[in-house]
Amino acid sequence: MRHVFIIAEAGVNHNGSLDMALQLIDAASLAGADAVKFQTFFADSLAIKKAEKAEYQKRETGNNESQWEMLKRLEISPRDHYILLEHCRKRGIQFLSTPFDIESAKLLAENMDLPMIKISSGDLTNAPLLMKVAESGKPIILSTGMSVLGEIESALGVLAFGYTQPNRVPSAEAFREAYQSVEGQQALKEKVTLLHCTTEYPTAFSDVNLRVMDTLKHAFQLPVGLSDHTEGIVVPIAAVARGAVIIEKHFTLDRNLPGPDHKASLEPDELKKMVQAIRQVEKALGNPQKIPTQAEQKNMQVARKSLVAAKTIKKGEPFTPDNLTIKRPGNGVSPFCYWDLLGKQARRDYEKDEVVKE
């Protein structure tokens, strides 16, 4: 049975509070998620001080501050990262975070030695950041919101280069060569998972386009998952049925809390229901071999039918449409043999409703 890796995306829903971040870890663990993910950034390295907020951020947090001011309030200090990491270990859930600048990438990949790094859709075109993470050798989960296939291929070229040729001078040509090389493709297959994503909060169902997962898988021959921003849990469940190997979903302690992402997030009980539903779908997917399961074999004799005497038939009397019918149970001659028996002589006497055993 394929195990879908479920990431409970805490993001910045801690509102800058370490205590709330710890509570988010507890909630993700209780929900049964495989990992809880935060966002690692230093506002001074992420945005200029006059950068405007996104429309959804203005809608949820007002327009009386810049994006930089909002980000500054939501930073997690390096010290707090280690506290969160240790709490995750105690709660038996994996700690993950997304770096948004080179310094953050170094903190996560080198200093904290996390097992994998998630790259956001907004940094798909941030080649230096992609390079930094790939040079660490860590597996990468790469979100692909707002992109076209050519941009994804370019990003994968940088990753292939960083994984396989870290001592070579970076260039567009070097990235293409790395992407096209056997070594580069092998590194990507071993270390990169693509996440289909629609970068809007919340995402309208009409904008999800789950079939893009098939496109990504066909185009790049890499594992594919979904970073979901829709309301509710229907879309991630559907994505698992379509083959997603990773599901990332925002969650919060309370959707009514102030902050940019709370409204587009699940609450803990909803997160738990999503995890449970995904685990059920995993079991239901099973394997592609079409054979009777062990559970249904016992029902075959009861549910299937046999050839049955429609009236008394004497030995030597030919089978005809008048004296031969089809009824349960299925422990006699198969109805597939109906036409073969017509005209043949019965080998023994049959009473009405007796299963034919020719």
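Readers should treat all values here as calculations from the given coordinates under stated rules, not as data from a laboratory. The structure displayed is predicted, hence computed values, not measured ones. Positions of Cβ are backbone-derived with ideal geometry, glycine not excepted, and every protein chain shown enters the neighbour counts.
Tell me, in nm to one decimal, what length is gained between Glu103 and Gln180 on full extension, where the rule is 0.36 nm per residue of separation less the Cα-Cα distance? Don't skip to the end; give the middle numbers.
Values: separation 77, 0.36 × 77 = 27.72 nm, distance 2.96 nm.
Full-extension gain reported as 24.8 nm.
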Calculating percent of Cα pairs over 28 Å apart from this structure picks out, from (i) 54; (ii) 47; (iii) 42, entry (i)
How much net charge surrounds Asp269 when only other residues with a Cβ under 13 Å from its Cβ are counted (Lys, Arg +1; Asp, Glu -1)?
0
Cβ-based exposure ranking for Asp80, Asp349, in which fewest neighbours within 10 Å come first
Asp349, Asp80
Percent of beta bridges antiparallel (DSSP, the chain, rounded to nearest 5):
20 percent
Looking only at Val36, Val133, Val148, which one moves most when the chain is put into a Gaussian network model with springs between Cα atoms under 10 Å?
Val148
Charge dipole (segment 291-353, unit charges on Cβ, about Cα centre) - positive-most of Leu324, Leu342, Gln297:
Gln297
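Around Glu52, under 12 Å between beta carbons, what's the net of Lys plus Arg minus Asp minus Glu among the other residues? Walk me through the intermediate numbers first.
On the way: positive: Lys49, Lys50, Lys53, Lys58; negative: Glu55, Glu65, Glu69.
So the environment of Glu52 carries a net charge of +1.
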Rounded to the nearest 10 degrees, the helix 182-191 long axis (Cα) sits at an angle to the longest Cα principal axis of the chain of 80 degrees
What number comes out for the charge environment of Glu75, summing +1 per Lys or Arg and -1 per Asp or Glu over other residues with Cβ under 13 Å away?
-2
Restricting to lysines 8 or more places apart or on different chains, can you count the pairs in segment 175-309 with Cα atoms under 14 Å from each other?
4
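Where does the chain land at 222 nm, in deg cm²/dmol rounded to the nearest 500, when only DSSP H runs of n ≥ 4 count, each adding -39500 (n - 2.57), divided by all residues?
Details: 16 runs with 143 residues, N = 358.
Calculated mean residue ellipticity at 222 nm is -11000 deg cm²/dmol.
Before anything else, pin down the relative contact order of the chain: Cα pairs under 8 Å, at least 6 apart, normalised by residue count, whole percent.
Working: 672 pairs, mean separation 54.5, N = 358.
Dividing the mean separation by the residue count of the chain yields 15 percent.
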Would you list which lysines come within 17 Å of Lys344, measuring only between C-alpha atoms, while excluding same-chain residues fewer than 8 positions from it?
Lys311, Lys314, Lys315, Lys357
